[in-house]
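K.L.:
First, the structure itself, so that you have it in front of you.
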Amino acid sequence: MMVGEEDQNEGQQSLGFRDLERVPNDFVAQHAATCKELDLTENCLTDFGNLARFRVLEMLVLDKNGITVR
């Protein structure tokens, strides 16, 4: 089973509702080259470094992550 839930379109991925602090490396390795839409709704993200590897990303959903601007 994959780390993320794959929608019908391979370019759409979801890691929502998992209390993640960062996008897992194995998920990045598997999906970064083809993922156009990534849903990270309702996590606890504090590390966004792995997102730079998603070169074809067109839509990123970060709702309800408690992200603040300093």
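The values are calculated or read from the model by the stated rules, or taken from the named source; none is laboratory data. Predicted model, so just to flag it, every value in this text is computed and none were measured. Using ideal geometry, Cβ is built from the backbone for each residue, glycine included, and neighbour counts are taken over all protein chains shown. Side chains included, ligands, DNA and RNA excluded: accessible areas come from the protein's heavy atoms. Shrake-Rupley method; radii C 1.70, N 1.55, O 1.52, S 1.80 Å.
K.L.:
Determine which single condition R18 fails, assuming it passes every other condition in (1) out of contact with any helix residue (DSSP H, G or I) (no Cβ under 7 Å at 6 or more places or on another chain); (2) closer than 20 Å to V69 by Cα.
P.N.:
All conditions are met except number (2).
K.L.:
Here's another thing I want to ask about it. Among what's in the range 57-70 and is open to solvent by 60 Å² or more (accessible area, probe 1.4 Å) and in a loop (DSSP other than H, G, I, E, B), pick the residue that is modelled with the lowest pLDDT.
P.N.:
By that ranking, first place goes to R70.
K.L.:
Can you spot a residue in the range 24-33 that is charged (D, E, K, R), modelled with pLDDT of 95 or more and over 9 Å from the mean Cα position of the chain (by Cα)?
P.N.:
Filtering the range 24-33 down to residues charged (D, E, K, R) leaves 26.
When the remaining residues are screened for being modelled with pLDDT of 95 or more, the result is 26.
With over 9 Å from the mean Cα position of the chain (by Cα) added as a condition, the list becomes 26.
Taking every residue of the range 24-33 in turn, at least one turns out to be charged (D, E, K, R), modelled with pLDDT of 95 or more and over 9 Å from the mean Cα position of the chain (by Cα).
K.L.:
I would also like to ask the following. When the range 18-56 is examined, which residues are found to be among the small types (G, A, S), surrounded by fewer than 16 Cβ atoms within 10 Å (Cβ to Cβ) and part of a loop (DSSP other than H, G, I, E, B)?
P.N.:
A33
K.L.:
Would you check if there is a residue in the range 4-16 being at pLDDT below 95, open to solvent by 60 Å² or more (accessible area, probe 1.4 Å) and of a type in the set (S, T, N, Q)?
P.N.:
Step one: of the range 4-16, the residues at pLDDT below 95 are 4-11.
If we keep only those that are open to solvent by 60 Å² or more (accessible area, probe 1.4 Å) as well, we get 5-10.
Cutting the leftovers down to of a type in the set (S, T, N, Q) gives us 8-9.
Yes - at least one qualifying residue is present in the range 4-16.
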